[in-house]
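Written below as structure tokens is the structure these notes are about.
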Amino acid sequence: MSRKDYLWLNLQELPYFRAFLRAIEGRFYEELDLSGPVLDLGCGDGSFARITFERPLDIGIDPWSGPIRKAITTRAYKLVVQGDGHQMPIPDESFGCVISNSVLEHIPDLEPVLEDVARVLKSGGFFYFCVPNHQFLPNLSIAKFFDRVHLGGLARLYRNFFNRIARHYHCYNPEKWNELLGRAGFEIVDWWHYFSPQALAVLEWGHYFGLPSAVAHVLFRKWILVPEPWNLRLPQRIVQKFYNENPRTPEGTCTFYVARKR
């Protein structure tokens, strides 16, 4: 059991439905070999790296200027670079490992990105990433309700709608990832499903109940205006049991991959 409370650290900065997913993922990195230099592909605003890792990572890269500016202020990286994952302004074989946390599902054309990750990795270097999987869409609670009442058309429409608001282009199974990674020069060393269907339901409904946080972010550039225990006690109670559950579960709706450059 980790002595670091990833859940509380994330709840102070993120809407609860995103916070507990990031907290669960953050614990996985405690078990991994992060031999440097380390590149964070799709670093966003740097909050995940700042909360998860004890020391600054070597480089964070992201295509969007707004998050990049914020990432610079977090000091989660020694260097922050604005650039695309398929054409990184980085020399060949520069890194011992690359991480990409909940990023690849948002990229339409994956193969050039995977090829460029292989290019910047040293031989034998590790690529750690996590993504929603083939069990994500089938387990959306509202769509499952439509399925039960024999409204399959509405179920399909809802799954398409949720995929669109989540900006998912891919929810692949391990077999598909093995194929994609193999073509790019990787072998999968390990993988596991995580984030139960029950946890997914909390995340799904949080997109709707979390509207006040979205408004706060638009107005004040902060998801959580009062990051105090009294204000966060209820959301913490809602998600604590999912944070405490066994993170690796066969019916999990997301998958964490450990891949190595051949």
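Could you please tell me which pairs satisfy a Cβ distance under 7 Å, a separation of 6+ or placement on different chains, a first residue in segment 208-235 that is open to solvent by 90 Å² or more (accessible area, probe 1.4 Å), and a second residue that is modelled with pLDDT under 90?
As it stands, the answer is K222/A216; L225/A216, since those pairs meet every condition given.
Tell me the residue from E93, E111, E105 that is of a type in the set (D, E), in contact with a strand residue (DSSP E or B) (Cβ under 7 Å, 6 or more places away or on another chain) and exposed (fewer than 15 other Cβ atoms within 10 Å of the Cβ), please.
Numbers: E111 fails: in contact with a strand residue (DSSP E or B) (Cβ under 7 Å, 6 or more places away or on another chain); E105 fails: exposed (fewer than 15 other Cβ atoms within 10 Å of the Cβ).
On inspection, the qualifying residue turns out to be E93.
Would you tally the residues in segment 172-195 being touching a helix residue (DSSP H, G or I) at 6+ places or on another chain (Cβ under 7 Å) and small (G, A, S)?
Qualifying residue count for the region: 2.
Can you confirm whether segment 68-81 contains a residue that is open to solvent by 20 Å² or more (accessible area, probe 1.4 Å), closer than 30 Å to R237 by Cβ and not hydroxyl-bearing (S, T, Y)?
Checked segment 68-81: at least one residue is open to solvent by 20 Å² or more (accessible area, probe 1.4 Å), closer than 30 Å to R237 by Cβ and not hydroxyl-bearing (S, T, Y).
Filter segment 178-207 for residues that are open to solvent by 20 Å² or more (accessible area, probe 1.4 Å) and polar (S, T, N, Q); which is farthest from S141 (Cα to Cα)?
Only one residue tops the list, namely N178.
Is there a residue being within 13 Å of Y77 (Cβ to Cβ), touching a strand residue (DSSP E or B) at 6+ places or on another chain (Cβ under 7 Å) and open to solvent by 30 Å² or more (accessible area, probe 1.4 Å) anywhere in segment 30-39?
So the first thing to find is which residues in segment 30-39 are within 13 Å of Y77 (Cβ to Cβ), and the list is 36-39.
If we keep only those that are touching a strand residue (DSSP E or B) at 6+ places or on another chain (Cβ under 7 Å) too, we end up with 36-39.
Filter again for open to solvent by 30 Å² or more (accessible area, probe 1.4 Å), leaving 36-37.
Yes: segment 30-39 contains one or more residues that are within 13 Å of Y77 (Cβ to Cβ), touching a strand residue (DSSP E or B) at 6+ places or on another chain (Cβ under 7 Å) and open to solvent by 30 Å² or more (accessible area, probe 1.4 Å).
The values are calculated or read from the model by the stated rules, or taken from the named source; none is laboratory data. Remember, it's a predicted structure, so these values are computed and weren't measured experimentally. Here the Cβ is made from the backbone with ideal geometry for all residues, glycine too, and neighbour counts use every protein chain on show. All accessible areas refer to the heavy atoms of the entire protein, side chains included, with ligands and DNA or RNA removed. Shrake-Rupley method; radii C 1.70, N 1.55, O 1.52, S 1.80 Å.
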